[in-house]
Structures are given as C-alpha cells and as structure tokens.
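K.L.:
Got a structure here, written out as structure tokens. Questions coming.
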Amino acid sequence: MIENAGIDYKELYLQMQSAVVALSKTLEEIQKENKNLKEENEYLKRKLFGTKSETSKSLGFEQLSLFDEAEVEADPDEEQFILEEVKFNKKKKYKGQLDDKLSKLPHIEVIMTLPESELVCPVCNSKLVSIGKKFVRHEIEFVPAKLKVRDIYTTTYECRKCRANGKSVMKSPGIPEPVIPHSYASAESVAFVMKQKFVNGVPLYRQESEWKQMGLDLSRTTMANWIIYSSEHWLKPLTDRMHEILLESKHAHADETPVQVLNEPGKKATTKSYMWVYSSIKESAYPIRLFVYAPNRCGYNPQIFFNGFHGTVISDAYSGYNNIEGCVNAYCWAHARRKFRDSLPNDLENAENTLPIIAMNKIKKLFAIEKEIEALSPDKKVKIRQLKSKPLIDDFFSWCKSNQNATASAKLSRAFKYALNHEEGLRQYLYDGYIPMTNSLDERVIRPFTTGRKNWLFSASVSGAESSANAYSIIETAKANGLDPYKYLTTIFTYLPSQDLIKNPEIIDEFLPWSEFIQKNCK
C-alpha cells in the first residue's frame, strides 16, 4: 500500500482552487481585451469604409477620414436624427434661380444679326429694319489665364525756364515699392500663388507645371520664397494686430491639428508638429481666424497665445487649454456626442435601447433647443437655456452617473468618462449667451487646412510652416469678413510695401479686413 508521503491534500486543493480563480480572472481579462479590440476594429472599419447596413443612414453615419479624426466633415452643429429614416428631398428650383447665380458675373451681349445681303423682304423686296432684340439664352464663357509682362518706366520732368536761367530743376513721380525687392514678382502673381495653394489646395509642384503651360518656367523654389518673404514682411504685421484685437475680446475658440515639418532642428522628420487655430466667436464685430505654428502640442503654446486674455476659451476639452491664467473653459457638446456615437454597437438594427443611443437622444434635445433660439439675442438665449436646457442637462449628467459602470465597452466607458470629467465646462454655455454649444466654428476654420494638407502633405521647413500659418490666417479671416481672398492679398501686396510701418504703425489698421478701405475694394 502506497503511503501519502506527507501530502497535505487540503493545502493542494486550496492551491488548485486559487490557480483556477487566477486563470479564470486572466481569461476574463483576455476576453474583455478581445472584445475591446473587436470593438475598436469595427469602429475603425466604420470610419474607413462607412457602415454597410441600411440602418446606418438613419443613425447619421458618414464616411470619416482616418487622416483627421478630430475634424469630422459633417457639421457638428447639425442635428442627428436617431433611428428615424432620413428622407432625401431634392431642392425645388425657383424662378430666377439661374439669374441669381449669374448676376455676380460680368455680362457681354452677343447679338445675332442678318448679313446685309439678307435684309430684304421676301414679299416685296423692300429693305428690312431692326425692330428690337429677343433674349435667347445665357452661356458661360471660360477665359483661360494668361501672362503678360509689365515694363515699368518712370517719366522725368524738367523746368525749361529754370534751365535757361542756368538752373536744373527736374521732377519724377514716386515709384511704388515692389512686393519683393529685386524680383519680377508682382502683387497679383504672389497673391495668385497663395490663393492656389491655400484656398484651392494646389501644391507648388503642380503650380510649377501650370505656370510652364502659361509660358513661364517658374520653379517651386521661387514660389516658396515668394510665399515666405511676403508672409513674413506683409502678412505677419496684420496677424499680429489681429492677435492683439482677439485678446481684447471676451470669448475665443481654440483647436489644433497635426502638421509634419521635414527640416526642424532637434526633431525627426516623422514627428508631429501642430497648427493651433484661434478664432473670434460668431457674434464678434471683428471676425478673426488665426493659425499659429508650434513644434509640439504642449499646453504652454495656448498659454503664450492667450497671455493677457481674460475671458472664455471654447475648446474640445484638450488638457492643454486647462491652465490658461484668467480664462474660463467652455467645452464642446459635439465632441461629447461624438464619443457616444463612436461607441455604438455593431448591430445597429437593434440599437434603439442601447446606452449610446439613449445618450445621443438626450443630447439631441439640447441641440434642438439651440436651433430654435439661434436668432435670439445672447440675453434671451441665457433665459431659455436656463428654463429649457438646464433641466435636460441635469437629467443627462444624473443618468451618466447612474449608468457609467453598467457597460463592459471600453469606448462607451470613455464616453461616460469624457462627459462626467468635463461637466463644468459643458455647462458653461448655460450662463453666457455668447458661448456656443460647440466648437464647430473652429473645426470649420481648420477644414481648409486639413484638406490642403492632404495635397501638399508637409512643410519643408519651420519658416514654411510659419508662412503657411500667416497665409491661412489672412485668407480665412478674409472669408469670415466677406472678402475675396485673392483681391485682399493683392491689395495688401500692392499698397503695404510702400508704407513705413515703423514710423506709422497705426497705418496697419487701414489694411485690416473690416476697414472701410478694404471692404470697399476687396469684396
């Protein structure tokens, strides 16, 4: 008979039981991680390809760009209709719609006439006379761009009487300063290059080809030098002044987006730099859009920008905006809603009673109120927000607190965490009618930059990134003030080089986009 050899079966049982518990816990963690990875995979597939289910149409999904997760192409302020079929109604044309579209373009009349030989009456052979003209149709004529060279001379005048008396008296007109010294660049050509790159998103290598087709071998290096010089000397004084004016206001939007700079001291070419974007609010008397380049995403960048500012910063709740001295933070409800939308289950057909849908429907009611009061004064907005929106927000956060632990979904947990951690900032718009519910204005301002970035991909140098920031600032501010960016840039480059900004710094105000001179000449 084999003896037990001193084996403690009770102890062995307890050890095995402990091992089973540990293995079960490990299995549970692996299963949870696997579920989260599947969830993340489905989320990324939805963003890349768009959800294939018909139900996705009613959930408001659109194909999103993986290149810019923070900048969603859909307007964050536009209300989403959850689990309701969206009807696509074709807009009805109204009488005179075409005339309205064509009224802003110059018109020329093309009158069809009979040749002299046919101006004969077929009945009595008498001469026919015109009794009027009849409109037939409109046609759009495309006039291709073409280049010409301005050969600039100056005339010299002399007083012949003084000359006869032995004196030499001569006079010549003043010569406007060029946009770039010792260059054949004109105000129009530099403005066109900037418009093509920063408005139309055409990179310099493609512009190089277009200029060659027009008859001039203009290198991309030359164009880059034009942009950098003109930006530093003529655009930066304007953006600096706009910065001063923005700091005097009480509200500002803030956002940031990555940009790649190849030749940056102390950094690898593959590392991210950032373009920070700051804007005045919609109600501002001076619409301002400022792009500021920085080599990183550190919080000291907005701290430096907002030095001296005392007001509310509206943002997406990025922590870099949290420690700005003298500022109140207001956060974006569109981002809060987006977090819940990103946590939607894979089976959208049975999603009606899921936590993400419930959350989105609660937020939907808040957006509906904002749409109703959009045209009201700030004071009236606050009253209605306190009366209608505040109870809904109280209910939303109470519901979030009750349900934050009722899910195993990592994305949904993050959505709850985002909302609850930023409750104070999300409530700020209740108390100030000038504060919008979202930061969508700044996201729309960033969009042309992110669209252009997909074409030109990177900046070659820090000076190139900084010049791009100044150019985007001027162009987007021009748009916000109802100006034609090309006309505005041309006006700046035509007149500003002849001004002495050191002796007369106040002259810069005459070139701001809301000035009477600019509004008159650059619409």
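The values are calculated or read from the model by the stated rules, or taken from the named source; none is laboratory data. None of these values were measured; they are calculated from a predicted model. We place every Cβ from the backbone using ideal geometry, glycine too, and count neighbours over all the protein chains shown.
K.L.:
Name the pairs whose Cβ atoms lie under 7 Å apart, with the first residue in segment 127-139 and in a loop (DSSP other than H, G, I, E, B), the second surrounded by 10 or more Cβ atoms within 10 Å (Cβ to Cβ) and among the β-branched types (Val, Ile, Thr), and 6 or more positions between them or separate chains?
P.N.:
Pairs that qualify, where the first residue is in a loop (DSSP other than H, G, I, E, B) and the partner is surrounded by 10 or more Cβ atoms within 10 Å (Cβ to Cβ) and among the β-branched types (Val, Ile, Thr), are LEU128/VAL120.
Here's the yes/no breakdown for (1) in contact with a Lys or Arg (Cβ under 7 Å, 6 or more places away or on another chain); (2) outside the structural domain of VAL462 (by TED's automatic domain parsing); (3) of a type outside the set (Gly, Ala, Ser); (4) more than 24 Å from GLU423 (Cα to Cα):
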| position | (1), (2), (3), (4) |
| --- | --- |
| LEU218 | no, no, yes, yes |
| ILE227 | no, no, yes, yes |
| LEU235 | no, no, yes, yes |
| ILE245 | no, no, yes, yes |
| ASP255 | no, no, yes, no |
| PRO258 | yes, no, yes, yes |
| VAL292 | no, no, yes, yes |
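K.L.:
Still on this structure, I have one more. Among the numbered conditions (1) in contact (Cβ under 8 Å) with a residue 40 or more places away in the chain; (2) crowded, with 21+ Cβ neighbours inside 10 Å, tell me where PRO378 comes up short.
P.N.:
Here PRO378 clears every test but (2).
K.L.:
Give the residue, chosen from TRP234, TRP276, that is within 30 Å of GLY308 (Cβ to Cβ), free of Cβ contacts under 8 Å to residues at least 40 places away in the same chain and buried (at least 19 other Cβ atoms within 10 Å of the Cβ).
P.N.:
TRP276
K.L.:
Return the residues of segment 499-523 that are touching a Pro at 6+ places or on another chain (Cβ under 7 Å) and modelled with pLDDT of 95 or more; say none if nothing qualifies.
P.N.:
Within segment 499-523, just ILE508 meets the criteria.
K.L.:
Could you say whether any residue in segment 274-285 is at pLDDT 95 or above, in a helix (DSSP H, G or I), in contact with a Leu (Cβ under 7 Å, 6 or more places away or on another chain) and under 23 Å from ASP509 (Cβ atoms)?
P.N.:
No.
K.L.:
Suppose we filter LYS267, LYS250 for residues that are over 22 Å from the mean Cα position of the chain (by Cα) and surrounded by fewer than 22 Cβ atoms within 10 Å (Cβ to Cβ); which single one remains?
P.N.:
When all the criteria are applied, what remains is LYS267.
K.L.:
Given the criteria under 19 Å from the mean Cα position of the chain (by Cα), within 19 Å of SER279 (Cβ to Cβ), surrounded by fewer than 17 Cβ atoms within 10 Å (Cβ to Cβ) and not basic (Lys, Arg), does THR477 qualify?
P.N.:
In short, no.
K.L.:
May I pose another question? Tell me yes or no: at least one residue of segment 460-474 is touching a residue at least 24 places away in the same chain (Cβ under 8 Å), β-branched (Val, Ile, Thr) and in contact with a Leu (Cβ under 8 Å, 6 or more places away or on another chain).
P.N.:
Among the residues of segment 460-474, at least one is touching a residue at least 24 places away in the same chain (Cβ under 8 Å), β-branched (Val, Ile, Thr) and in contact with a Leu (Cβ under 8 Å, 6 or more places away or on another chain), which makes the answer yes.
K.L.:
If you check LYS371 against the conditions, is it in contact (Cβ under 8 Å) with a residue 60 or more places away in the chain, out of contact with any His (no Cβ under 7 Å at 6 or more places or on another chain) and not small (Gly, Ala, Ser)?
P.N.:
In short, yes.
K.L.:
Related question: Residues in segment 279-308 that are surrounded by 22 or more Cβ atoms within 10 Å (Cβ to Cβ) and within 13 Å of ILE245 (Cβ to Cβ): how many?
P.N.:
Of the residues in that region, 5 qualify.
K.L.:
Could you please find all residues in segment 350-359 being part of a helix (DSSP H, G or I) and among the charged types (D, E, K, R)?
P.N.:
none
K.L.:
Can you tell me how many residues in segment 335-350 are modelled with pLDDT of 90 or more and either surrounded by fewer than 16 Cβ atoms within 10 Å (Cβ to Cβ) or of a type in the set (A, V, I, L, M) (or both)?
P.N.:
1
K.L.:
For segment 339-351, check the following and say yes or no: at least one residue is hydroxyl-bearing (Ser, Thr, Tyr) and either in the same structural domain as LYS282 (by TED's automatic domain parsing) or in contact with a Pro (Cβ under 9 Å, 6 or more places away or on another chain) (or both).
P.N.:
yes
K.L.:
Still on this structure, I have one more. Evaluate the following for THR270: is it without any contact (Cβ under 8 Å) to a residue 40 or more places away in the chain and either in a helix (DSSP H, G or I) or in contact with a His (Cβ under 8 Å, 6 or more places away or on another chain) (or both)?
P.N.:
no
K.L.:
Follow-up question, since we're still on this one. If LYS454 satisfies all but one of (1) of a type outside the set (S, T, N, Q); (2) at pLDDT 95 or above; (3) assigned by TED's automatic domain parsing to the domain that holds PRO295, what's the number of the condition it fails?
P.N.:
Going through (1) of a type outside the set (S, T, N, Q); (2) at pLDDT 95 or above; (3) assigned by TED's automatic domain parsing to the domain that holds PRO295 one by one, LYS454 breaks only (2).
K.L.:
Here is a follow-up. Please work out if ILE384 is more than 26 Å from LEU247 (Cα to Cα), under 28 Å from the mean Cα position of the chain (by Cα), modelled with pLDDT of 95 or more and surrounded by fewer than 22 Cβ atoms within 10 Å (Cβ to Cβ).
P.N.:
Criteria not met by ILE384.
K.L.:
Give all pairs with beta carbons closer than 6 Å in which a residue from segment 323-337 that is touching a residue at least 12 places away in the same chain (Cβ under 8 Å) meets a residue that is among the β-branched types (Val, Ile, Thr) and assigned to a helix (DSSP H, G or I); count only pairs at least 6 apart in sequence or on separate chains.
P.N.:
ARG337/ILE363
K.L.:
Quick one: how many residues across segment 312-334 are surrounded by 19 or more Cβ atoms within 10 Å (Cβ to Cβ), among the hydrophobic types (A, V, I, L, M, F, W, C) and in a strand (DSSP E or B)?
P.N.:
Summing the residues that are surrounded by 19 or more Cβ atoms within 10 Å (Cβ to Cβ), among the hydrophobic types (A, V, I, L, M, F, W, C) and in a strand (DSSP E or B) in segment 312-334 gives 3.
This table checks each residue for (1) part of a helix (DSSP H, G or I); (2) charged (D, E, K, R).
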site	(1), (2)
ILE475	yes, no
LEU483	no, no
THR490	yes, no
TYR495	yes, no
GLU506	yes, yes
GLU510	yes, yes
PRO513	no, no
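K.L.:
Also, I was wondering about something else. Residues to consider are PRO181, PRO176; find the one that is under 19 Å from TRP226 (Cβ atoms), outside the structural domain of LEU235 (by TED's automatic domain parsing) and either without any contact (Cβ under 8 Å) to a residue 24 or more places away in the chain or surrounded by fewer than 12 Cβ atoms within 10 Å (Cβ to Cβ) (or both).
P.N.:
Result: PRO181 is the single residue among PRO181, PRO176 that is under 19 Å from TRP226 (Cβ atoms), outside the structural domain of LEU235 (by TED's automatic domain parsing) and either without any contact (Cβ under 8 Å) to a residue 24 or more places away in the chain or surrounded by fewer than 12 Cβ atoms within 10 Å (Cβ to Cβ) (or both).
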